[in-house]
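Participant: My questions all concern the structure below.
The values are calculated or read from the model by the stated rules, or taken from the named source; none is laboratory data. Since we're looking at a predicted model, the values are computed, not measured. Cβ coordinates were reconstructed from backbone atoms using ideal geometry, including for glycine residues, and neighbour counts include every protein chain displayed. Side chains included, ligands, DNA and RNA excluded: accessible areas come from the protein's heavy atoms. Shrake-Rupley method; radii C 1.70, N 1.55, O 1.52, S 1.80 Å.
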Amino acid sequence: MSALVRMRIAGFVRGGRALPPLIAVLVELGILYGGGASPAAVAYGYSAAALFPVLAWLTKLLLDTEPDVQRRLARLSVGPAREATAGVLAALVLSLLVCVAAMAAPWLFHGIDTRTALGSGIALGVLAHLLAVPPAIALGALASRAVTRSVRLGVTVLVVAAVLVVVLGLTGSFAPWLVPPVMATARALNDPAAPPAATLALLVFWAAAWCTVAFAGYGWLRRARS
Amino acid sequence: MRFEQVWFRYARRAGWTLREVTATVEQGATIVVLGRNGAGKSTLLQLAAGVLRPGRGAVRDRPAVVGWVPERFPADQPFTAADYLHRMASVRGAAPGAVDRWVERLLLTEHTGTRLADLSKGTAQKVGLAQALLVPPGLLVLDEPWEGLDSVARTLIPDIVAEVTSAGGSVLVSDHRGEITALPGAIHWSIAEGTLHTSAPPPSAAATPVEEEDEVVVEVAVRRSEADRAVVALRAAGHRVLGVRE
């Protein structure tokens with residue numbers, strides 16, 4: 001399966017389709033850190049929320065790079081479950097690389113206020129990014145051509161879900177649990193005081209539950225969609 | 001391998017492409033699927049390979065290793081032919097040396113450094129063929145394998161089919177141009193209006209093979225420009241061409 005993960009990453013990077021999301025990440029980082037220093041937890045909380053739609057888009061682009069027939073050849077070679085998993089793992093590898101770059105970037109622009117609690121701020125930042133990556137990959141996978149079969153439906157799923165994550169994630173939302181806790185995490189980290197352990201546990205549980213449902217849905221949809 | 005009451009349609013509201021297909025593929029059998037364009041040959045082959053799932057019914061006892069040569073090779077990938085085959089070999093867990101063996105056998109040596117998108121249709125088809133054979137298949141599915149191939153490569157296909165079947169594998173071939181004469185002893189299936197008709201092999205083709213004589217290997221050097229013609233001529237004269245090298 002690792003050979004298939006490598007093959008997909010290579011196809012995505014060499015084909016040049018990785019460039020648009022990479023530019024989007026750079027623009028986002030410029031906006032986030034161009035305006036002065038802020039505490040690590042706050043900066044990283046916003047960074048994770050801003051990266052969510054880009055990582056979902058990156059996942060969709062990665063999964064859509066391979067021609068349909070090649071995806072079916074891969075499926076015959078390694079089996080349906082491993083073929084689907086290999087795509088998710090390829091997206092995970094690239095997403096984690098983006099997150100590492102996004103967490104390193106503010107140190108180049110002096111975007112982190114070093115007078116505040118640095119250690120806990122960075123730890124919370126890592127957590128925020130780790131909570132954003134799996135739901136983003138799940139969304140990108142659900143919007144991929146293998147599932148949606150048409151370009152228009154795929155883009156619609158991606159855009160509508162990305163907007164709903166923000167809208168339903170606002171304070172006072174009527175159904176916050178419908179979307180992953182991307183906005184809730186950013187809000188929790190925005191507080192000057194570190195969030196209590198119970199809040200963090202709730203966020204982790206919420207993200208895990210959402211991802212379980214989303215990935216199960218992806219696996220179920222991909223059973224008949226080669 | 002068995003098709004049990006297989007029905008298939010491409011979308012829920014679409015008409016059935018295949019209706020109530022029941023058939024058995026014996027071990028070591030060669031089956032040629034005939035039919036007009038759009039009759040459902042490719043669909044049946046993809047159901048056999050396991051690329052498509054039946055809407056109703058099931059395909060049972062499919063061999064573990066399936067080699068599928070799609071009708072059109074997916075050339076829109078940023079790899080060279082050699083890079084692609086090496087990556088597919090590691091994805092498929094092929095034995096070391098499998099890529100070199102098939103590159104040589106299918107006369108792909110001079111194209112190994114060419115990007116897939118720049119390959120001619122026939123050469124891309126050969127890469128598709130090589131990819132399917134990297135691991136010896138228990139079921140080989142060839143979707144219009146003669147399409148776009150030059151005369152030398154055409155003569156390779158019956159040899160490859162014979163090798164797979166003699167190793168106990170089954171072969172399914174679709175064909176709409178009557179190249180089937182190249183596959184003696186093959187069982188013919190035909191598809192018309194979504195229904196599959198199976199028939200036994202014609203008695204003449206099922207005749208006992210000619211007694212094998214003792215063979216020797218003769219190495220021959222020919223001018224590069226005449227290599228194709230020489231291979232065809234030697235095969236036409238009834239000799240087995242074992243390989244071509246630089």
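Participant: Starting from the Cα-Cα distance between B:R223 and B:N37, subtract it from 0.36 nm times their residue separation and give me the gain in nm to one decimal.
Facilitator: Going from the current span to full extension adds 62.9 nm.
Participant: Hey, another quick one. Would you tell me the accessible area of B:E219, worked out with a 1.4 angstrom probe on the heavy atoms of the protein chains, in Å² to the nearest 10?
Facilitator: The accessible area of B:E219 comes to roughly 140 Å².
Participant: Per-residue Cβ counts within 10 Å, from other chains only, averaged over A:216-226: what number is that?
Facilitator: 1
Participant: Now, a different point. Calculate the mean, over all residues of peptide B:126-136, of how many other protein chain Cβ atoms lie within 10 angstrom of the residue's Cβ.
Facilitator: Partner-chain Cβ atoms within 10 Å, mean over residues of B:126-136: 1.
Participant: What is chain A's relative contact order, in percent, from Cα pairs under 8 angstrom and six or more apart in sequence?
Facilitator: 28
Participant: Normalised by the number of residues in the stretch B:2-212, what is the relative contact order in percent for Cα pairs under 8 Å and 6+ residues apart?
Facilitator: The value is 30 percent.
Participant: On to the next question. Given a 1.4 Å probe and the protein chains all in place, what does the accessible area of B:K121 round to, in Å² to the nearest 10?
Facilitator: Counting only protein heavy atoms, the figure is 120 Å².
Participant: Using just the helices of chain B, give the 222 nm mean residue ellipticity in deg cm²/dmol: DSSP H runs with n ≥ 4 each add -39,500 (n - 2.57), and the total is spread over all residues, rounded to 500.
Facilitator: When only DSSP H runs of four or more count, the value is -8500 deg cm²/dmol.
Participant: So, counting K/R as plus one and D/E as minus one, what does the shell of residues with Cβ under 11 Å around A:T199 add up to?
Facilitator: Summing Lys/Arg as +1 and Asp/Glu as -1 gives 0.
Participant: Would you grab the residues whose amide H sits under 5 Å from the one on B:W189? Only those 5+ places off in sequence or on another chain, please, with H modelled 1.01 Å from N.
Facilitator: B:V32, B:V33, B:L34
Participant: Angle check, please: helix B:227-236 long axis (alpha carbons) against the longest principal axis of chain B (alpha carbons), in degrees 0 to 90, nearest 10.
Facilitator: 60
Participant: Quick query: amide H of B:R72 versus all other amide H atoms, modeled in the peptide plane; which residues come in under 5 Å with a sequence gap of 5 or more or a different chain?
Facilitator: For B:R72, no residues qualify.
Participant: In addition: What is the spin-label model distance, in nm, from B:A192 to A:L221 if the labels are put 7 Å beyond Cα along the C-beta direction?
Facilitator: 4.2
Participant: Leaving ligands, DNA and RNA out of it, rank A:W210, B:W102, A:W177 by accessible area with a 1.4 Å probe, largest first.
Facilitator: Greatest to least solvent exposure: A:W177, A:W210, B:W102.
Participant: Between A:A201 and A:A175, what's the calculated FRET efficiency when r is the beta-carbon distance and R0 is 25 Å? Round to 0.05.
Facilitator: Rounded to the nearest 0.05, the efficiency is 0.70.
Participant: Which far-off residues, 5 or more places away or on another chain, put their amide H under 5 Å from the one on B:G28, with H placed in the peptide plane?
Facilitator: B:G169, B:S170
Participant: Also, I was wondering about something else. Using only Cα atoms, tell me the angle between helix B:81-92 and the longest principal axis of chain B; keep it within 0 to 90° and round to the nearest 10.
Facilitator: For B:81-92 against chain B, the angle is about 50 degrees.
Participant: If I build a Gaussian network model for chain B, linking alpha-carbon pairs within less than 10 angstrom, which residue out of B:D228, B:D118, B:D76 has the largest mean-square fluctuation?
Facilitator: B:D76
Participant: Please give the FRET efficiency for B:E246 paired with B:A162, using the beta carbon to beta carbon distance and R0 = 35 Å, rounded to the nearest 0.05.
Facilitator: 0.85
Participant: Any idea how far apart B:S120 and A:H110 come out in nm if each label point goes 7 Å out from Cα toward Cβ?
Facilitator: Using points 7 Å along Cα→Cβ, the separation is 6.4 nm.
Participant: What angle do you read, to the nearest 10 degrees and between 0 and 90, between the alpha-carbon axis of helix B:151-166 and the longest principal axis of chain B?
Facilitator: 60
Participant: Over the whole of A:72-84, what's the average partner chain Cβ count within 10 Å per residue? Rounded to a whole number, please.
Facilitator: Other-chain Cβ atoms within 10 Å of each residue's Cβ, averaged: 5.
Participant: At what distance in nm do the modelled label points of B:T24 and B:D100 sit from each other, each positioned 7 Å from its Cα along Cα→Cβ?
Facilitator: 4.4
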